[in-house]
Amino acid sequence: MAKIAINIATGSLQQNEMIVGIDLGTTNSLIAIIHPENKKPVALKEHDSSSLVPSVIHFEKNGLITVGAEAKKYLVTDPANTIFSAKRLIGKTYNDVKNNTSSLAYTIINDDDKLAKVQVGTQFYTAVDLSALILKELKKTAEHILKTPVNKAVITVPAYFNDAQRQATRDAGKLAGLDVLRIINEPTAASLAYGFGLNKTEQKTIAVYDLGGGTFDISILTIANGIFEVLSTNGDTFLGGDDLDNAIVEHWINRYDYKDRADEKMHRQLLRLKAEEAKKHLSQNETFETPYEKDDLAISKEKFEEIIKPIIDKTIVCCTNALKDAGLAKNDIDEIIMVGGTTRIPFVKKAVSDFFGKAVNDTVDPDEVVALGAAIQADVLAGNTKDILLLDITPLSLGLETMGGLMDVLLPRNSKIPAKASRQYTTYKDGQRGMKIAVYQGERDMVKDNRRLAEFNLTGIPGMPAGLPKVEVSFLINADGILVVNAKELRSGIEQSIEVKPQYGLTDEDVEKMLMDSIHHAGEDIHARALIEAKTEAEQLLQTTEKFIQKNFEQLTQQEITATSGAMQALQLSLDMNDKDLIQAKTEELNAISRPYAERVMDDAIQKTLRGNKIGLQG
Ligand code: ADP
Ligand code: MG
């Protein structure tokens, strides 16, 4: 797709409704629109400058904030006040990121499981604040170029971003004065930019290989009937162009004997910039040479490829895993799309096309392809292009905490979104007025092993006997992947809902770890669940039996009462011993004793209460 220059002088871009597409990247960000005349997507840029805005923010002592290429210069001269890669912190707590801060020159304050904050001077900034500063800069630049206000946007995020991270990205947009109409996945946007999915009859399976500055993502998507679906994602959140720069620096440090010198650290800093220059140069040339101190630094393309091979090999391992997760073979892939600045390296393209056994798609600028796709989606939302629907999946199961701390899954992992599910619950105690609705994410049977996303109390339930209220809880993930939980007591109509106030912090590695954990702990989880279910059932039986006896005392014989009280004591004892089999046996014994007289006296409604195994939520 050719780049299109925008002619500002004609003023032809004046539109009432300008919806822009934004790629908010770890290393670089940019903004794109659909050209109002030729209807093609185009990245916005000021005259001769690049469309890429480095995702770097510099804070000056006097309060002046600079964003982009200007700020990038301070990475060397004022690293403590220059923030880069803020996207890595989105939706993360200090505990999530503390092991990966060694390469950062700025300070992340130690605040355990609170949202990670960066300290600059006496000020603190969250990832949302920092992302908002970048978005504000993009908005300002776009308004300057387009000569029209820009208030609405589609923003892209990695496919593995969880609800919290998507919400944080939205919040950043809002803070920057942008109405974020849709959050879409980066690989989906890239596919759109290649025109895939625009034709309704098209069916394709696409691999999107995205190697950026600090991250690598591989996503497998399918398109059918204009619907996109993410089949799997894989990658490494600490692998990208920066590692290639470091590999060159390492090579030079050794080759030119800077190692173990007093000024080694300073040289490393200075050589990094030279290394990035070398890397880019070698994407088009056979050798690179540059004067440096008294030496001339040099590196050949051959040497470069030799030292980066181990890094590129790692990305290929991720591709293998992504295919496996999607349940596909290499030759099921119809298209391979190259995304991210680092895919300009011929060696990378070759490695990928060798792996898949097919030529790669690299005709759209890999730096711009995601933003261009976001612009296409923005155009769809503006009502200009119809028939495209973007469909994604939930990476982890979503559910509620039920009695005994068990996870009750409403939306299983890999559910297609938008998605909706609901289930009815009832109270556990007589006269219970409130019900705790605790929302969890994960694959384990016990909620304590999963991630808590949100919690609220449905209050004001009218006093009723246990088991009578009907509380319907529904989960709705909208097209942006944001979860809305609603709880409604159906008899009284009282209702409460939340936009999930998530406890932030989840990476693709976390997702993988949670999946692995659920496999490793499957045995003990089944055991724990069985014990809790047995206990809950026993406790419920004890309660209802006691209630029943109190209520129907007159209709029972002395013998029945004595036998029941003995069986109840035995059951209580087995509960204290935490022995599942014993609990089940004693539950059965108590049932056997109470069943005959219960049947004798109870009316239908009470029968339901006594036998029903419906598990209530905790009060
Ligand atoms: P992100 O999506 O993480 O923000 P980008 O897609 O913008 O990142 O990629 C930035 C990376 O691409 C940087 O490491 C940069 O050095 C690298 N890069 C840009 N152009 C080239 C090139 N011609 N050859 C090799 N690497 C390049
Ligand atoms: Mg990117």
Unique residue being under 24 Å from His520 (Cβ atoms), basic (Lys, Arg) and modelled with pLDDT under 85 when the list is Arg444, Arg413, Arg452: Arg413
Test: residue in region 287-301 that is surrounded by fewer than 20 Cβ atoms within 10 Å (Cβ to Cβ) and within 16 Å of ligand 2 (Cβ to nearest atom): no
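Based on what the data block shows, is Leu617 buried (at least 18 other Cβ atoms within 10 Å of the Cβ), at pLDDT 90 or above and either of a type in the set (Val, Ile, Thr) or not assigned by TED's automatic domain parsing to the domain that holds Gly467 (or both)?
Numbers: buried (at least 18 other Cβ atoms within 10 Å of the Cβ): yes; at pLDDT 90 or above: no; either of a type in the set (Val, Ile, Thr) or not assigned by TED's automatic domain parsing to the domain that holds Gly467 (or both): yes.
Considered against the rule, which asks whether it is buried (at least 18 other Cβ atoms within 10 Å of the Cβ), at pLDDT 90 or above and either of a type in the set (Val, Ile, Thr) or not assigned by TED's automatic domain parsing to the domain that holds Gly467 (or both), Leu617 comes out as no.
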Selected residue [crowded, with 23+ Cβ neighbours inside 10 Å, more than 16 Å from ligand 2 (Cβ to nearest atom) and modelled with pLDDT of 95 or more] from Ala43, Ala71: Ala71
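Return the residue satisfying two criteria in turn: it lies in region 220-244 and is aliphatic (A, V, I, L, M), surrounded by fewer than 22 Cβ atoms within 10 Å (Cβ to Cβ) and part of a strand (DSSP E or B), and of such residues it is nearest to ligand 2 (Cβ to nearest atom). It would help to see each step written out before you state the result.
To start, the set of residues in region 220-244 that are aliphatic (A, V, I, L, M) comprises 220-221, 223-224, 227, 230-231, 239, 244.
Still in the running and surrounded by fewer than 22 Cβ atoms within 10 Å (Cβ to Cβ): 224, 227, 231, 239.
Remaining after also requiring part of a strand (DSSP E or B): 224, 227, 231.
Values: Ala224: 26, Ile227: 24, Leu231: 20 Å.
Here the answer is Leu231.
With the structure loaded, tell me whether Ala164 is touching a residue at least 60 places away in the same chain (Cβ under 8 Å), buried (at least 23 other Cβ atoms within 10 Å of the Cβ) and away from ligand 2 (no atom under 16 Å from the Cβ) or whether it fails that test. Outline the logic, then answer.
Details: touching a residue at least 60 places away in the same chain (Cβ under 8 Å): yes; buried (at least 23 other Cβ atoms within 10 Å of the Cβ): yes; away from ligand 2 (no atom under 16 Å from the Cβ): yes.
Considered against the rule, which asks whether it is touching a residue at least 60 places away in the same chain (Cβ under 8 Å), buried (at least 23 other Cβ atoms within 10 Å of the Cβ) and away from ligand 2 (no atom under 16 Å from the Cβ), Ala164 comes out as yes.
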Conditions (1) at pLDDT 95 or above; (2) of a type in the set (Asp, Glu); (3) buried (at least 19 other Cβ atoms within 10 Å of the Cβ); number of the one not met by Glu277: (3)
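Picking from Ile494, Ile498, which residue would you name as being touching a strand residue (DSSP E or B) at 6+ places or on another chain (Cβ under 8 Å) and modelled with pLDDT of 90 or more?
Values: Ile498 fails: modelled with pLDDT of 90 or more.
None of the others qualify; the one that does is Ile494.
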Within region 348-370, tally of residues that are more than 10 Å from ligand 1 (Cβ to nearest atom) and not in a loop (DSSP other than H, G, I, E, B): 9
Near pairs, Cβ below 6 angstrom, 6+ apart or cross-chain, from region 331-347 (assigned by TED's automatic domain parsing to the domain that holds Phe196) to any residue that is surrounded by fewer than 23 Cβ atoms within 10 Å (Cβ to Cβ) and of a type in the set (A, V, I, L, M): Ile336/Val360; Met338/Val360
Flag if Gly241 is within 28 Å of Thr26 (Cα to Cα) and touching a Gly at 6+ places or on another chain (Cβ under 6 Å): yes
Listing of strands (runs of 3 or more DSSP E) fully contained in region 79-130 that carry 3 or more residues being touching a residue at least 24 places away in the same chain (Cβ under 8 Å) and either among the acidic types (Asp, Glu) or touching a helix residue (DSSP H, G or I) at 6+ places or on another chain (Cβ under 6 Å) (or both): none
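Scan Val76, Val67, Val56 and give me the residue that is within 16 Å of ligand 1 (Cβ to nearest atom) and farther than 25 Å from Glu368 by Cβ.
That would be Val76, the only listed residue that is within 16 Å of ligand 1 (Cβ to nearest atom) and farther than 25 Å from Glu368 by Cβ.
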Given (1) at positive phi; (2) modelled with pLDDT of 90 or more, index of the condition Ile206 fails: (1)
Filtered residue count, region 192-219, keeping only those that are more than 14 Å from ligand 2 (Cβ to nearest atom) and not in a loop (DSSP other than H, G, I, E, B): 6
Residues being exposed (fewer than 15 other Cβ atoms within 10 Å of the Cβ) and at pLDDT below 90 - total across region 80-99: 3
Conditions (1) away from ligand 1 (no atom under 16 Å from the Cβ); (2) out of contact with any Asp or Glu (no Cβ under 9 Å at 6 or more places or on another chain); (3) assigned to a helix (DSSP H, G or I); (4) not aromatic (Phe, Trp, Tyr): number failed by Leu328: (3)
Test: Ile376 is at pLDDT below 90 and farther than 25 Å from Gly241 by Cα: no
Scope region 289-319; condition without any contact (Cβ under 8 Å) to a residue 40 or more places away in the chain, not in a helix (DSSP H, G or I) and not charged (D, E, K, R); matching residues: Thr290, Pro291, Tyr292, Ala298, Ser300
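Quick check on this structure: which one of Ala224, Ala262 is more than 35 Å from the chain's Cα centre (by Cα), of a type in the set (Gly, Ala, Ser) and at pLDDT below 90?
Values: Ala224 fails: more than 35 Å from the chain's Cα centre (by Cα).
Testing whether each residue is more than 35 Å from the chain's Cα centre (by Cα), of a type in the set (Gly, Ala, Ser) and at pLDDT below 90 leaves just Ala262.
This table checks each residue for (1) surrounded by fewer than 20 Cβ atoms within 10 Å (Cβ to Cβ); (2) more than 14 Å from Tyr209 (Cβ to Cβ).
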site: Ile308; (1), (2): no, yes
site: Ile312; (1), (2): no, no
site: Lys330; (1), (2): yes, no
site: Ile337; (1), (2): no, no
site: Lys349; (1), (2): yes, no
site: Ser353; (1), (2): yes, no
site: Val364; (1), (2): no, no
site: Asp367; (1), (2): no, yes
site: Leu372; (1), (2): no, yes
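From Lys139, Lys174, Lys152, Lys147, which residue is buried (at least 21 other Cβ atoms within 10 Å of the Cβ), over 24 Å from Ser219 (Cβ atoms) and either more than 16 Å from ligand 1 (Cβ to nearest atom) or not hydrophobic (A, V, I, L, M, F, W, C) (or both)?
Details: Lys174 fails: buried (at least 21 other Cβ atoms within 10 Å of the Cβ); Lys152 fails: buried (at least 21 other Cβ atoms within 10 Å of the Cβ); Lys147 fails: buried (at least 21 other Cβ atoms within 10 Å of the Cβ).
Result: Lys139 is the single residue among Lys139, Lys174, Lys152, Lys147 that is buried (at least 21 other Cβ atoms within 10 Å of the Cβ), over 24 Å from Ser219 (Cβ atoms) and either more than 16 Å from ligand 1 (Cβ to nearest atom) or not hydrophobic (A, V, I, L, M, F, W, C) (or both).
The values are calculated or read from the model by the stated rules, or taken from the named source; none is laboratory data. Please read all numbers here as calculations on a predicted model, not as lab measurements. We place every Cβ from the backbone using ideal geometry, glycine too, and count neighbours over all the protein chains shown.
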